[in-house]
Amino acid sequence: MTPDRLRLLVPVMALVALLAGVFWMQPRAASYTGLNLLLNLAVPIALATIAQMLIMAVNDLDLSMGAFVSFVACVTATFLNDTPALGLLILAAAIAVYAGLGVIIHLRNLPSIVVTLGMSFVWTGLAVLILPAPGGSSPEWLRTLMTVKPPLAPMAIFASVLIAIVAHLIVMRSTLGVRIRALGGNERTVARSGTSIIATRAAAYALAAFFAVLAGMALVGLATSADANIALRYTLLSIAGVILGGGEFIGGRVSPIGAVIGALTLTLAGSFLSFLRISPDWQIGAQGAILILVLALRLLFNRLEARR
Amino acid sequence: MTRTILMASAALACLAGTGFADTSDKRIALSNNYAGNSWRQAMLESWAKVTGQAVTDGVVAAADAFTTAENQATEQAAQIQNMILQGYDAIVVNAASPTALNGAIKEACDAGIIVVSFDGIVDEPCAWRVAVDFEAMGKSQLDYLKTAMPDGGALLEIRGLAGVFVDDAISAGIHAGVEENPNFTIAGSVHGDWAQDVAQKAVAGILPSLPEIAAVVTQGGDGYGAAQAFAAAGRPTPIIIMGNRQDELKWWKEQKDANGYTTMSVSIAPGVSTLAFWVAQQILDGKDVPKDLTVPFLRIDQDTLEANLETTPEGGVANVEYSQEDAIQVIEAAK
């Protein structure tokens with residue numbers, strides 16, 4: 001088995017174990033509608049996780065992910081619904097801002113954590129300006145897309161597989177993806193190879209913003225309306241998803257398929273604990289325990305890998 | 001023989017059926033978004049007490065309470081979808097957001113589940129709403145003041161947390177009341193954030209710039225702080241409308257015993273969760289229930305002060321638990 005495959009083994013095992021646990025406790029979940037109810041809210045989380053993964057691939061961290069997805073959700077529920085052209089323009093501008101952030105972080109050599117933390121307040125502020133009170137409504141086509149009932153498997157499964165494949169093709173197979181990962185791994189090498197580091201970083205940020213925009217839109221499609229705080233949890237969820245899926249804080253080592261699986265695992269962990277009827281006071285702790293368990297397993301695998 | 005007994009008892013059950021035999025196999029879940037303050041704690045305790053009794057009596061089969069760990073709409077949406085999977089017949093929800101749960105609530109309705117929202121209500125049309133008329137609550141303060149001091153005077157308004165719709169609604173009610181009674185004027189307005197310490201600081205800050213204040217209109221959780229600020233400034237204590245908090249009632253009682261101080265206190269009882277429970281039970285029972293219901297206020301007056309203070313726990317809020325009859329009354333009133 002290649003090391004990459006081996007890295008994917010732990011998240012897959014965690015997902016299968018949790019899924020088995022959920023089915024065992026709640027047999028009703030093992031059905032078409034059951035799976036959809038269980039996993040449909042994982043779709044926006046998976047998209048946000050891919051976005052975070054792209055940022056982490058260039059050795060940065062985005063602490064504004066939740067705020068940005070909330071902002072996108074607010075734009076989607078208002079402008080994109082009422083005046084689609086203006087809505088698309090705003091979303092495109094937001095992606096451009098992200099690319100600009102990548103440039104600034106690179107040129108000024110700023111820590112990405114500080115810049116994105118600052119930006120999180122900007123995004124939240126804009127979201128509150130757009131939608132001072134919760135409301136708005138999802139564009140009809142988006143709602144239809146997110147509640148579509150395809151044959152064989154529910155939307156949540158199709159969407160997750162599609163996201164994983166597209167992200168895999170972009171990050172692992174395309175030239176840009178290779179450059180992005182190389183940038184996170186060894187900046188100097190990329191510079192010497194004659195590629196513009198600034199352009200690569202900007203592209204990584206723009207691509208991340210694009211996935212985050214999709215996350216916000218998917219969320220509105222599911223929730224039917226928005227709220228300026230709707231996705232604040234996504235910052236930590238997306239980071240946890242990347243790590244769970246085999247990514248690392250040290251740039252360059254990421255796995256798009258793993259990230260999607262990580263997002264699904266986190267969502268399932270929540271349902272699993274709720275079915276177990278664990279008191280809410282302990283739920284965050286229990287979620288943390290699942291994370292630690294998976295990471296410990298991975299460490300063990302890494303050791304085995306190194307010994308061989 | 002056995003059959004006749006069975007039939008006889010079945011006939012008896014039909015005769016004796018007061019309406020709740022129909023819901024004895026139904027399961028109701030409470031989806032709560034937050035448990036971090038005394039009001040929510042009292043709300044959960046009331047739920048446990050009343051629904052526990054209902055389960056023991058066989059009115060419903062189960063009434064489980066779930067609280068999300070992080071007060072986030074996306075988390076609560078997932079929680080509601082889990083409840084659908086768990087096969088509950090009705091979901092009573094105190095929502096983190098009036099709109100962001102709509103998708104999950106629609107899923108529940110489509111699965112044939114009754115959804116009743118209260119306190120934090122949702123605007124998905126398929127759900128029932130047990131709502132608080134906050135504007136009427138604000139206006140009721142002026143109605144009291146009108147009779148307590150017919151000559152009118154200058155008012156100090158203490159508002160809640162800026163940007164929350166409850167604050168806007170109560171304040172709108174107060175201002176509507178002032179408009180109707182022109183001999184009252186609002187001399188100043190501060191934000192007390194529904195907390196005694198914040199209110200005290202805010203009132204102390206604005207007091208030197210104010211004329212003599214006849215009364216303080218409040219939003220609850222701020223009356224005691226206002227009283228402290230007036231005392232510290234050495235100014236005469238005006239009528240301060242209270243908000244059913246234990247420290248407010250205790251201070252009122254002390255003043256009443258010392259100098260015959262009079263005021264009134266109004267707020268929403270945390271036990272409103274039990275009202276929502278009975279409403280859900282009535283709907284499951286097949287009763288025709290309007291989608292929008294209004295929660296009665298819990299008002300405390302001079303003569304009911306002692307009784308309420310006695311039953312309010314230290315640091316808590318005056319509470320009342322609702323019965324099935326109360327729910328039927330509220331439903332009838334809305335028709």
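The values are calculated or read from the model by the stated rules, or taken from the named source; none is laboratory data. Since we're looking at a predicted model, the values are computed, not measured. Cβ: placed from backbone, ideal geometry, glycine included. Neighbour counts: every protein chain shown.
Some notes on this structure:
- Any hit, segment A:267-282, residues being more than 14 Å from every other protein chain (Cβ to nearest Cβ), within 16 Å of the chain's Cα centre (by Cα), in a helix (DSSP H, G or I) and at pLDDT 90 or above: no
- B:GLU124, sole failed condition from (1) within 14 Å of chain A (Cβ to nearest Cβ); (2) free of Cβ contacts under 8 Å to residues at least 40 places away in the same chain; (3) surrounded by fewer than 18 Cβ atoms within 10 Å (Cβ to Cβ): (3)
- Filter result (under 14 Å from the mean Cα position of the chain (by Cα) and either at the interface with chain B (Cβ under 9 Å from one of its Cβ atoms) or acidic (Asp, Glu) (or both)) within segment A:211-234: A:LEU219, A:ALA231, A:LEU232, A:ARG233, A:TYR234
- Taking (1) at pLDDT 95 or above; (2) out of contact with any Lys or Arg (no Cβ under 9 Å at 6 or more places or on another chain) in turn, A:LEU110 satisfies each apart from (1).
- Residue within segment B:211-218 that is in a loop (DSSP other than H, G, I, E, B), surrounded by 19 or more Cβ atoms within 10 Å (Cβ to Cβ), aliphatic (A, V, I, L, M) and away from chain A (no Cβ under 14 Å) present: yes
Condition check ((1) closer than 26 Å to B:ALA65 by Cα; (2) surrounded by fewer than 22 Cβ atoms within 10 Å (Cβ to Cβ); (3) touching a residue at least 12 places away in the same chain (Cβ under 8 Å); (4) out of contact with any Pro (no Cβ under 7 Å at 6 or more places or on another chain)) across all residues:
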residue: A:ALA212; (1), (2), (3), (4): no, no, yes, yes
residue: A:VAL220; (1), (2), (3), (4): no, no, yes, yes
residue: A:ILE261; (1), (2), (3), (4): no, no, yes, no
residue: A:ALA289; (1), (2), (3), (4): yes, yes, no, yes
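- For segment A:116-135, the tally of residues that are in a helix (DSSP H, G or I) and over 19 Å from the mean Cα position of the chain (by Cα) stands at 9.
- Condition met for A:ILE165 (surrounded by fewer than 20 Cβ atoms within 10 Å (Cβ to Cβ), in contact with a Gly (Cβ under 9 Å, 6 or more places away or on another chain) and not basic (Lys, Arg)): no
- Any hit, segment A:87-100, residues being buried (at least 23 other Cβ atoms within 10 Å of the Cβ), touching a residue at least 12 places away in the same chain (Cβ under 8 Å) and of a type in the set (Val, Ile, Thr): no
- Annotation note: of A:LEU38, A:LEU47, A:LEU54, the sole residue that is touching a helix residue (DSSP H, G or I) at 6+ places or on another chain (Cβ under 6 Å), buried (at least 20 other Cβ atoms within 10 Å of the Cβ), more than 14 Å from chain B (Cβ to nearest Cβ) and aliphatic (A, V, I, L, M) is A:LEU54.
- Segment B:79-95, subset more than 10 Å from chain A (Cβ to nearest Cβ) and part of a loop (DSSP other than H, G, I, E, B), residue farthest from A:LEU266 (Cα to Cα): B:ASP89
- Restricting segment B:56-77 to residues that are assigned to a helix (DSSP H, G or I) and surrounded by fewer than 24 Cβ atoms within 10 Å (Cβ to Cβ), the residue that is nearest to the other protein chains (Cβ to nearest Cβ): B:GLU75
- Among residues that are under 30 Å from B:ILE240 (Cα atoms) and not assigned by TED's automatic domain parsing to the domain that holds B:ALA148, B:LEU284 is not included.
- Any hit, segment B:128-150, residues being surrounded by fewer than 21 Cβ atoms within 10 Å (Cβ to Cβ), over 30 Å from B:GLN81 (Cβ atoms), among the small types (Gly, Ala, Ser) and within 14 Å of chain A (Cβ to nearest Cβ): no
- Test result for A:LEU237, within 11 Å of chain B (Cβ to nearest Cβ) and modelled with pLDDT of 90 or more: yes
- All helices (runs of 4 or more DSSP H) inside segment A:1-108 with 2 or more residues being among the aromatic types (Phe, Trp, Tyr) and within 22 Å of B:ASN82 (Cβ to Cβ): A:3-25
- Flag for A:THR235 being crowded, with 23+ Cβ neighbours inside 10 Å, touching a Gly at 6+ places or on another chain (Cβ under 6 Å), of a type in the set (Val, Ile, Thr) and under 26 Å from A:VAL148 (Cβ atoms): no
- Listed by position, the helices (runs of 4 or more DSSP H) enclosed by segment A:161-244 that each have at least 1 residues that are basic (Lys, Arg) are A:175-185, A:187-192, A:197-223.
- Segment A:189-210 - residue that is crowded, with 24+ Cβ neighbours inside 10 Å and under 17 Å from the mean Cα position of the chain (by Cα) and, of those, nearest to A:ILE90 (Cα to Cα): A:ALA209
- When segment B:31-55 is filtered for residues that are away from chain A (no Cβ under 14 Å) and part of a loop (DSSP other than H, G, I, E, B), only B:ASN37 remains.
- Yes/no for A:ARG303 being at the interface with chain B (Cβ under 10 Å from one of its Cβ atoms) and of a type outside the set (S, T, N, Q): no
- Residue match in segment B:99-113 (condition: outside any loop (DSSP other than H, G, I, E, B), more than 7 Å from chain A (Cβ to nearest Cβ) and in contact (Cβ under 8 Å) with a residue 40 or more places away in the chain): no
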